[in-house]
Amino acid sequence: MHLHVALWVCGTLLALLLGWQQRKCWRLIWQLNGWRGVAQQPVLWFLICINLHPNSILDKVTRLRVLFQRPLAILIGTRALLYIDDPAGMECVLNAPECLDKTFMQEGFFARRGLLHARGQKWKLRRKQLNPAFNHNIVISFFDVFNSVGNQLLEQFATQPHLHGSAVRFKDAEDMLSRAVLEVSCLTIMGTPTNFTQADDAHIATTYKRLLEISAIKIVKPWLQIDLLHRLLEPQLYAEAAACNQLLVDFVAEIVQRKHRNWQLRNALDNGEDAPWQRRIFIEQMFQLAANGELTLQDIEDEAQSMVLVSFETVSNSIMIALLCLATHKGDCQQRLRAEIESVMPHGNDVSYVSVEHLQQLRYLDAFVNEALRLLATVPMNLRHVSRDFQLAGRDAIVPQNTIIVLDTFSMQRDTAWWGERATQFEPQRFLQQQQELLQKEEELEQEQVLHGQSKYTPTRRHSYSFLPFSKGLRTCIEFGDETCV
Ligand code: HEM
């Protein structure tokens, strides 16, 4: 009898403690969706449990989100998961200092020790240290690399029968392209030719891709981030991840260490009279920081790994997405692109070299790429950890500390609320119209300022956070040519 009572007391105390821990999460659920939000929790828990697979989660979220009022909060243990898919919510979160960090769910991510996953003060310092490596002069100097690898790629597509004609397999084209992009990444980040366009016998490119797939599995199954559990529950996947990880760590470490030895030798020979600071590529700027005692060689290896991974993955996927849109689009897109390229670079000119001036004139190409990135976002979702309670702008809702925020860029960029009735259609001209409107407004602004010293400038109709292929706010993607620091 006494044991019975003791168990009841303990149970009640535990329930009270849990309720106390969860109180701010329930308040958020209530503030966002009222009674409805509270009542739908069991349904949401059930939906999360049955949809945990990286290959289908995006598709399921896209279909199920419309059944709920959003932003939507779900209680998970003692934390809240806040789902946001509207531009105003994105703007608030991406600019809030309380939402600077990535979540624990990304802890199992491969190459997590670089800028992409850095937290708090470490992130601030690193971003400041790395920004100069992406200045205008350096990016312009990479055009030789882009052109040379691009031309090699064209040659391969032209000469290898399985890469041209009507029967090209997606897998073959993807393999070829991703190896070329990896070569560009290694050349631009680490200044090292790898010859991946010709051959990749060690399967470095496919290993990067596989490790990213495994990282995605670990995000939706966060318990696999505990080494022991991963080893016990999925031993094969664990062994595969460890082998892939080692291969890529060794690959980057060997290059960084070799480059570092050469850099030190060259520096000693030049008596420290090196190229001006603003002309150094990423890895050389890192070596200089190490020489000043601001970084260790291990830091450099981590940053180089993270940078190669992030540039390789995003760029190769974006190119594939654009090609997919080009191949499947039924309209006049291919003809318009061809006509524009021929008008900017007419036959007879040196068409084998594309310069930055050429790119600036290719307006339809720009609109086409933007539309592909809108319809099939390369980075479909972003996650954020809330480090302190903060208020969601425009709403009477306080987001508690430790909340996990899911920013669903994919769904937002296809939502009729922001993109009109034809939101799911591939229509590059929507960005052309926007370019024209902006140009017109800039002209109006200039005229107004000349005439009256003031302007009637009004922002475009579309919310500036409704298109976020490169994210925005504090942790936006590296902005090439922008030398401002955080
Ligand atoms: C089409 C190509 C690219 C796309 C679509 C893209 C997209 C993005 C997005 C959405 C983020 C934000 C991620 C988050 O908030 O979790 C990001 C961050 C980042 N990107 Fe890119 N990116 C591209 C190319 C590149 C390239 C070429 C580089 C480097 C050479 C790069 C370096 C980075 C870095 C370092 C970050 C982390 C910034 C930080 O946390 O402060 N990206 N990118």
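Is it the case that region 329-349 has a residue that's buried (at least 17 other Cβ atoms within 10 Å of the Cβ), touching a His at 6+ places or on another chain (Cβ under 8 Å) and not in a helix (DSSP H, G or I)? Yes; the residues of region 329-349 include at least one that is buried (at least 17 other Cβ atoms within 10 Å of the Cβ), touching a His at 6+ places or on another chain (Cβ under 8 Å) and not in a helix (DSSP H, G or I). Within region 378-392, take every residue that is open to solvent by 10 Å² or more (accessible area, probe 1.4 Å) and of a type in the set (A, V, I, L, M, F, W, C) and give me the one that is farthest from the ligand (Cβ to nearest atom). Result: F390. I'd like the residue in region 164-187 that is closer than 21 Å to A133 by Cα and open to solvent by 20 Å² or more (accessible area, probe 1.4 Å) and, out of all such residues, is nearest to the ligand (Cβ to nearest atom). Only one residue tops the list, namely V184.
Of all the listed residues (Y208, Y238), the sole one being without any contact (Cβ under 8 Å) to a residue 24 or more places away in the chain and of a type in the set (F, W, Y) is Y238. Listed conditions (1) at pLDDT 90 or above; (2) assigned to a helix (DSSP H, G or I) are all met by F196, apart from (2). When each of Q106, Q121, Q129 is tested for being free of Cβ contacts under 8 Å to residues at least 40 places away in the same chain, within 15 Å of the ligand (Cβ to nearest atom) and polar (S, T, N, Q), the lone residue that passes is Q121. When W30, W26, W45, W35 are checked against the criterion of being in contact (Cβ under 8 Å) with a residue 40 or more places away in the chain and either in a helix (DSSP H, G or I) or exposed (fewer than 12 other Cβ atoms within 10 Å of the Cβ) (or both), a single residue qualifies: W26.
Evaluation of A241 against the conditions (1) away from the ligand (no atom under 16 Å from the Cβ); (2) open to solvent by 20 Å² or more (accessible area, probe 1.4 Å); (3) under 18 Å from S215 (Cβ atoms) shows that the sole unmet condition is (2). Residues that are open to solvent by 30 Å² or more (accessible area, probe 1.4 Å), among the small types (G, A, S) and part of a helix (DSSP H, G or I) within region 199-227 comprise just one, A216. Evaluate region 70-93: report whether one residue or more is open to solvent by 40 Å² or more (accessible area, probe 1.4 Å), within 12 Å of the ligand (Cβ to nearest atom), in contact (Cβ under 8 Å) with a residue 60 or more places away in the chain and over 16 Å from the mean Cα position of the chain (by Cα). Scanning region 70-93 turns up no residue that is open to solvent by 40 Å² or more (accessible area, probe 1.4 Å), within 12 Å of the ligand (Cβ to nearest atom), in contact (Cβ under 8 Å) with a residue 60 or more places away in the chain and over 16 Å from the mean Cα position of the chain (by Cα). Taken over region 290-302, residues that are within 16 Å of the ligand (Cβ to nearest atom) and part of a helix (DSSP H, G or I) amount to 4. Only one entry in Q129, Q106, Q121, Q152 is over 27 Å from K221 (Cα atoms) and either open to solvent by less than 30 Å² (accessible area, probe 1.4 Å) or of a type in the set (D, E, K, R) (or both), namely Q129.
Condition first: open to solvent by 20 Å² or more (accessible area, probe 1.4 Å) and either more than 11 Å from the ligand (Cβ to nearest atom) or touching a strand residue (DSSP E or B) at 6+ places or on another chain (Cβ under 8 Å) (or both). Now tell me which residues in region 303-319 satisfy that. Across region 303-319, there are no qualifying residues.
The residues in region 360-372 that are within 11 Å of the ligand (Cβ to nearest atom) and open to solvent by less than 10 Å² (accessible area, probe 1.4 Å) can be counted, and the count is 1.
Per the listing Q425, Q454, Q447, the residue uniquely modelled with pLDDT of 90 or more and over 30 Å from I140 (Cα atoms) is Q425.
If you go through region 395-407 and pick out every residue that is surrounded by fewer than 23 Cβ atoms within 10 Å (Cβ to Cβ) and within 16 Å of the ligand (Cβ to nearest atom), you end up with 2.
The values are calculated or read from the model by the stated rules, or taken from the named source; none is laboratory data. This structure is a prediction, so every number in the text was calculated from the model and none was measured. Here Cβ is always computed from backbone atoms with ideal geometry, including for glycine, and neighbour counts include all displayed protein chains. Protein only, heavy atoms only, side chains kept; ligands, DNA and RNA dropped before computing areas. Shrake-Rupley method; radii C 1.70, N 1.55, O 1.52, S 1.80 Å.
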